[in-house]
Amino acid sequence: MDSNKFTSAGAAHQNTTRQSNVDLKLKLNKFKMLPVTVEFSGGAELLCGNVKKHDVDLPGQQNKWQIRNLLVWIKDNLIQERPELFLLGDTVRPGILVLINDADWELMGELDYELQEKDRIVFISTLHGG
Amino acid sequence: MEESFSIEKLQEKLKEKIKEVERLKHLLKDLKESSCEPDLLRPKTECCRLQNLGPVANLTKGDIERYSRQLILPEFGVKGQVKLQSTSVLIVGAGGLGCPAAVYLAAAGIGRLGVVDYDEVELSNLHRQILHTSDRVGLSKSLSIVRSCYRLNSNVEYVPYHLQLSSENALGIIKQYDIVLDATDNVATRYLLNDACVLAQKPLVSGSALRFEGQLTVYNNNGGPCYRCLFPQPPPPESVTNCSEGGVIGVVPGIIGSMQALEAIKIASGIGSSYNQRMLLFDALDGTFRSVKLRPRSPACIVCGNDPSITQLVDYVQFCGSAASDKDQELSVLDQQFRINVKEYQAMLSRREPHLLLDVRPEVEMDICQLPHSSLNIPFATFNRDISKATRQVLQGIKDLARENQDSQHQQENSKSIDGTFMQLSHEEGNHRKKPSENDKFIPIDTPAVVCVCRRGNDSQVVVKKLQEELKMQLSQGELDRNQPDIKFVDIKGGLHAWARHVDSQFPIY
């Protein structure tokens, strides 16, 4: 594993405690990365360089990853322009439908949903043309 | 551009006019024919009372032969056909979705088919709105669809409505139909249709398409959600793209519209829809169809919930902050002093006034057509993504232009100094800059001019504004050289469309 990829929380821990390699590994395992797939469609992909599918490793953290954290992470890491067309306050802007593993996020707890490994989160901008 | 009357030009013009006359003759013939036909092909311009669609007792010999291939399906059968022929469907929107939906419903033998559209056929519709024809450009879309469907199956009762669906007329029309198809192209009409269908208790088969993607859902049916359950708030207008802006591959609405017809046929014949509380996502680039599960009807929904606050139709244009059409809106964000019209730009060109022409259309559109002057292409999206980079490119463009201008001026000076006139002038002026005068071929750029252009004159305004603000900001933060001369930014009103309309009739419109 590439230690560069760990979060600042993990790195801070590493610096302050100066544990042995074995201990360190245990600590790092505890905060391991969370691989998920993030997808954009319906035009939402235009906000992130016209790339629809992003396989990402979310940095390990002490608390569970929730959709609410993911939204901020996406805004900071994937969105390249006009973030206001993705986020409004702490949730997605009106007109974006969020799917968690092919189901409406409302069925899954919306912002509170805890991400699992290999989850597929899709952000769909609804279309209006015809 | 000067109108020249060469033989070739006149011949070309004549050819065009002959073509136009032919088209008008066709149109006239079409209209004459339709006035001989029964009520059928006369479009209604307001909601009117229709006779009840009588129950179909049994199928005729002609019916059985025509519909034989669907009659032998055990899931459908005579029972399904009889139900279908007793059902009325209203299609709202006679465009890319409405055409394929109408043609399959007509072919399958739906009892009554209403088609609503306020618009007329345009040439740029035909690549996807496949029931209209080249000689019907200018004809009412709803009439055009009905006329095509009539030729396919005259057993169906057709009701063309040449009107804009509104809060005033929507309920009156929708109440008289069993199933409604949302084949519209704008957010406001989608909310209007949703609310009207909830109030009138009709299932709404909703389709949409843009670029290479399509979506399909059935709202307000069998305990499923309505459009508002899913989207309580309308999207911000600036996030909404229509087909004339974003483009669309014709087959995509073709597929979604066909599926709307299919779901309507399934509902009408009693099979039931597969898209209650589900949404189909079609991605033509990836070649994938994905069906996703949606939330159920929301008890808190303000129109279909347990305690609805919307009990009659409201003002949807106001609610959505956008017009109930996909016609381009003319933006006005820039002060008049920073705008020139196409005639003024044409004059600038003929005076050979040096300027940087900044074309902010997407790269792909530069291949379609360009103004007759070299230009710097920085797509609009770049200004949104990285304004400082875009500004740097513009400043570089101005520098390059100044250098080019200087070079050509030197050449001119050299040639002029032979007869001495220029030297004298220069001496009198007391500096090395020449004042602009009528006779000068090249004018030095005291105030560099940047002329910004786009397709219709909306993006160009936004870009000029952004550039002005960015430079002001850079200057105040000391990031910009104080000796940097003021740059005059203007945009061309109406963009290339205005150029084609008022200056060069041969210039393509897209």
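The values are calculated or read from the model by the stated rules, or taken from the named source; none is laboratory data. Bear in mind the structure is a predicted one, so any value in this text is a computation, not a measurement. Cβ sites come from the backbone with ideal geometry, for glycine too, and all protein chains shown count toward neighbours. Ligands, DNA and RNA are excluded from the accessible area calculation, which covers all protein heavy atoms including side chains. Shrake-Rupley method; radii C 1.70, N 1.55, O 1.52, S 1.80 Å.
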Problem - A/B buried area, accessible surface, summed, 1.4 Å probe, Å² - result: 2900
Handout entry: Share of carbon and sulfur in the accessible heavy-atom surface of the protein assembly as shown [1.4 Å probe, %]
Key = 51
Exercise for the section: Output the peptides B:158-171, B:216-229 sorted from most to least packed, where packing is the average of other Cβ atoms within 10 Å over each peptide's residues. Expected result: B:216-229, B:158-171
Completion exercise
Computed over chain B: longest principal axis from alpha-carbon atoms vs helix B:141-152 long axis, angle to nearest 10 degrees, is 50
Completion exercise
Percent antiparallel among DSSP beta bridges confined to the protein assembly as shown, nearest 5, equals 45
Exercise for the section: Could you state how much accessible area B:GLU46 has, in square angstrom rounded to the nearest 10, with a 1.4 Å probe and all protein chains kept in place? Expected result: 120
Practice task
Taking chain B as the reference, fit the longest principal axis to its C-alpha atoms, fit the long axis of helix B:459-476 to the helix C-alpha atoms, and give the angle between the two in degrees, 0 to 90, nearest 10.
Solution key: 50
Handout entry: Given A:LYS75/B:LYS389; B:LYS293/B:LYS327; B:LYS389/B:LYS493; A:LYS52/A:LYS118; A:LYS75/B:LYS465; B:LYS79/B:LYS175, the pairs whose alpha carbons are separated by over 23 Å
Key = B:LYS293/B:LYS327; B:LYS389/B:LYS493; A:LYS75/B:LYS465; B:LYS79/B:LYS175
Problem - Other protein chain Cβ atoms within 10 Å, averaged over every residue that makes up B:232-243 - result: 5
Exercise for the section: Please list the non-local residues whose amide H lies under 5 Å from the amide H of B:CYS452, H modeled 1.01 Å from N, same-chain partners needing a gap of 5 or more. Expected result: B:LEU358, B:VAL490, B:ASP491, B:ILE492
Problem - Residue-normalised accessible area of the protein assembly as shown, given per residue in Å² at a 1.4 Å probe - result: 50
Handout entry: segment B:161-263 - share of DSSP beta bridges that are antiparallel (%, nearest 5)
Key = 65
Completion exercise
In the structure shown, of A:LYS64/B:LYS466; B:LYS141/B:LYS202; B:LYS61/B:LYS141, the pairs separated by more than 30 angstrom at the C-alpha atoms are A:LYS64/B:LYS466; B:LYS61/B:LYS141
Completion exercise
Among residues of segment B:285-326, a drop of 50 Å² or more in 1.4 Å probe accessible area, assembly relative to the chain on its own, occurs for B:ARG290, B:LYS293, B:ARG295
Fill in the blank from the handout: For B:LYS17, the accessible surface traced by a 1.4 Å probe with all protein chains present amounts, in square angstrom to the nearest 10, to 130
Practice task
For peptide B:177-185, compute the average count of partner chain beta-carbon atoms within 10 Å of each residue's beta-carbon.
Solution key: 1
Practice task
Work through the residues other than B:HIS26 whose Cβ is under 9 Å from its Cβ and net out their charges, Lys, Arg +1 and Asp, Glu -1.
Solution key: +1
Completion exercise
Between the Cα axis of helix B:98-108 and the main Cα principal axis of chain B, the angle (0 to 90°, nearest 10) is 20
Practice task
For A:VAL92, enumerate residues with amide H under 5 Å from its amide H, sequence gap 5+ or separate chain, H modeled in the peptide plane.
Solution key: none
Handout entry: Amide H within-cut-off set for B:VAL115, under 5 Å, with H built and near neighbours excluded
Key = B:ILE91, B:VAL159, B:TYR161
Problem - Global geometry of segment A:34-125, whether rounded, prolate or oblate, following the gyration tensor of its Cα atoms and the 1.5 cut on a/c - result: rounded
Completion exercise
From most to least accessible, 1.4 Å probe, no ligand or DNA/RNA atoms counted, B:SER332, B:SER269, B:SER408 line up as B:SER332, B:SER408, B:SER269
Completion exercise
Among residues of segment A:82-105, a drop of 20 Å² or more in 1.4 Å probe accessible area, assembly relative to the chain on its own, occurs for A:ARG82, A:LEU85, A:ARG93, A:PRO94, A:GLY95, A:LEU97, A:LEU99, A:ASP102, A:ASP104
